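Here's the structure we're looking at; comments come further down.
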Amino acid sequence: VTEDKRNYREHVVREFLRDGEGDSSPGENPSIRSHYTTLTIIREPRSGHRAEHGAVGCANTSSGPATVTAQTLFRPDEDGQTPRVVVLVGAPGMGKTTTVRKVMVEWGEGTLQEQFDCVFCIDCKGIAVPREASVADLVSQCCPHQRVPAGNILDDQKILFIFDGFEALGFSLVQPEAELSSDPREVKPLETTLMSLLKRTVLPEASLLITTRPTALQSLGRCLEGEYYAEILGFSAAMREEYFHRYFENANKADVAFRFARGNEILYSLCVIPVMSWTVCTILERELCRKKNLLECSKSTTRMTMSYLSQLLKHRDRDNPQVLQRFLLRLCSLAADGVWKHKVLFEEKEIRDRGLDQPDLLPLFLNEKVSKEGGDHGKVYGFSHLHLQEFFAAMFYVLEDDEETVSDLVGHEKDVNKLLESYSESRKDLNVTVQFLFGLVSQKSIEYMDKTIGCRISPQAREELLKWLRGKHRGISHPGQALKISELDTFHFLFEMNEKSFAQSALGHFSDLDLQDMKLTLYDQMALSFCIQQWAGLGCVTLQGCSFHQQDPRVELDVLVPCSGASGAGGRPGAIAELRHEEELHCPIHLLCRALRHPGSALRVLRLQWCRLSESCCAELAALLAEHPGLARLELGDGALGD
């Protein structure tokens, strides 16, 4: 028994350290030891779950039930009760399979031995047993060479059975009680054997851990008793930062990548979803290898969200793209309707009426949630994150459709101008949707969606967006005055699209930039810098009372060298240039000055009063003056610069 067990433990560690095809670690470095980051998991009995947390699967981190970890899922609760059955609930990409891998590796390495003598994991997505099987047959699938370990391992030891991806089983959970088995070696239809484990008629002393998407919750609840529910809510703020540091081997690169993500409010919020954090890290890692730093990173929030979408869809059947296109149109129509009506939960009837009740696609995008009333009030559905709903709402306006789908759509018409006018007039909550809209109609996005996801985006909205931007600021400028831009969102929209020619067309009608009393984050400055470099007619820049969030210069220094370069500045030809770069980065207006120095700049007036600039800015401003003989007026009147 000891040798068999040792062999099995070694097999478990080898098997589960490898990169799985799980929902939270696509392509991730296989070492779960170094990459696993603690998730926010809350645990509670079913009764409390129904009453307090109707919105199962929502990525929130509200205070409430106590949090648990992979190691403490089966520890006694506050009343001293030890859970025997735990259902781990989470939306796609939340980290269910990664948590299972963590449990298996820790048991194999001895951490969980005091709790369980043996742990067997049944992958419901790839279950490879005949239609008839015993519990012993299921166990043999988990063992090397499909051989049950010797001895009475199934009779008298502390065993944990893990069912990973329960929603993928796809058969009825209703089995007559008389049919259920009590003998682990009795061969029965697969459904009956699995049901016997769930109902605990066989091996009643064994513990069960079941991972599932929210879609299977109600049917699963009918066949379990006394179960505890644990819900994965994703990464807390601290865990997001820890994940970035675990992902990158280089601490400086981790700092740069995390600061970049944290500076982008939408992106940072989405990183609560573990697979989104992975997507962002993967893209930023490539950017850091190609470029010296992330100040020129052109990968927009839209592009990163599209990469996340491609991960969700990576296992789908690509033979019939029309099916996905039609489904997405209906899903996006639902999302847009919800955004307009401030609605994040949708009744089951709405799902059916829109033709979204497709079991192979629906669970990828919408989480089934238990209605707060419980009982027979039906299911409600919601997106994993509000920003994902806003992304799909933006897609509604640009996805190409056909006559058949249009006739099916419920809700409002695809009127881009109505969306833009409503945002301009009163609906500032539509900001994220409009930003995604700009990102989706960039040429790169259109090509990416077509090649990678198989969806067609219409470029028609580009002209409407351009016309709207040109007219957006005319009302602010008085007749006879120079046309000026005085709202920061314009720069974010153009930066999201990241097309130089489009930005040039949009900005060409304006000559003044006027932002006052704003706290400009690094991401704001990147958007501003991109636009200023495309703005040929910019003559007057007013940034009175604005503060510039400064990146830590030491963080940027080590990632100036591409991946292939040597580390350390000493003795290399670029050392002096890098030291100068360090001085520049101490200057909070470094990005602004660099953008204003672009060739062909028509800058005549620069106003920086009350911006609390320090002496570190003098060299940058002097260089700007030297390169721009046309600069006639420089206002720095707040006395902080010294002599």
Nearest-10 value in Å² for the accessible area of Lys158, using the 1.4 Å probe: 100
To the nearest 10 square angstrom, how much accessible area does Ser445 have with a 1.4 angstrom probe? 10
Residue-count net charge about Thr37 - beta-carbon cut-off 9 Å; Lys, Arg +1, Asp, Glu -1: +1
Please go through the residue pairs Lys96/Lys414; Lys5/Lys125; Lys253/Lys472 and name each one whose alpha carbons sit more than 30 Å apart in this structure. Lys96/Lys414; Lys253/Lys472
Give the lysines reachable from Lys379 as a straight Cα distance under 16 Å; neighbours fewer than 8 places away on the same chain don't count. Lys343, Lys349, Lys369
Starting from the residue with the highest accessible area, list Asp353, Asp4 in decreasing order, probe 1.4 Å. Asp353, Asp4
Protein-only accessible surface order, largest first, of Glu368, Glu177 at 1.4 Å: Glu177, Glu368
I'm a student and want to see the number: the projected area of the Cα convex hull of the stretch 237-298, averaged over all directions, in nm². 3.7
Report, ordered by chain and residue number, the lysines lying within cross-link reach of Lys519, taken as a straight Cα distance under 21 Å and ignoring same-chain residues fewer than 8 apart. Lys428, Lys484
So what does Cys531 come to for accessible area, using a 1.4 Å probe and Å² rounded to 10? 0
Sort Tyr448, Tyr243 by accessible area with a 1.4 Å probe, largest first. Tyr448, Tyr243
For the stretch 210-314, with all protein chains present and a 1.4 Å probe, just round the carbon and sulfur fraction of the accessible area to a whole percent. 44
What is the distance in Å between the Cα centroid of the stretch 170-223 and that of the stretch 496-546? 61
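The values are calculated or read from the model by the stated rules, or taken from the named source; none is laboratory data. Not measured: the values here are computed from a predicted model. FYI the Cβ positions are ideal-geometry reconstructions off the backbone, even for glycines, and counts take in every protein chain you see. To get the accessible areas, we keep the full protein, side chains included, count just its heavy atoms, and leave off ligands, DNA and RNA. Shrake-Rupley method; radii C 1.70, N 1.55, O 1.52, S 1.80 Å.
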